[in-house]
Amino acid sequence: MKKSHAICIILSVLVLLNLEIVGIISADQIASCPKGMAVCNGTHCADLKSDESACGSCGNICAPGYSCLNGTCACLAGETSCNGRCVNTEFDPNNCGKCGISCPATQFCDNGTCVCTMGNLFCNGTCIDKGFDDNNCGGCGIVCSSGSFCSVGTCWSYSDVVV
């Protein structure tokens, strides 16, 4: 054996022994990662199919909210990637039905559709409180006449009000 090869082998053994002494990884651990796992950075075994800090390859870190699925950073089933975030478009008011569709403040996202809150109706592009809206009293387009007001979904004349 050449002297240079012997020096390389001795240096390699010393490096491995030093790593074992400082507690990073032992020489046995390097060679004994379970089947299907890889040694990453010489410090730990990683399952490249499911490890978010080594997804598909050592050092490939999945963004927050993403999971490592079969070696690819992806959203979980039922979620969609919208602007770098995994969201459920069935219920996310900022991505309702698909990415970028925001529900107005008076609505929420239900099964991928913006809907009015309980007790309100969608009339002429907005949610209204049918119980107290003078232009949609009890239903869309039911307008209380001049001199009346809407209360509990019925138009009442101001003259009928007992003080």
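Nothing in this text is a laboratory measurement; each read-out follows from the coordinates by a stated rule. The structure presented is a predicted model; accordingly, all values stated were derived computationally and were not measured. Ideal geometry is used to build each Cβ from the backbone, glycine not excepted, and the neighbour counts take in all protein chains shown.
Observations on the model:
- Calculated FRET value between ASP129 and TRP156, using beta carbons and R₀ = 25 Å, to 0.05: 0.95
- Neighbourhood net charge (13 Å Cβ-Cβ; Lys/Arg +1, Asp/Glu -1) for GLY100: +1
- Chain lengthening between VAL143 and LEU121 when straightened (0.36 nm per residue, less Cα-Cα): 6.5 nm
- Seen from all directions on average, region 34-116 presents a Cα convex hull projection of 6.0 nm².
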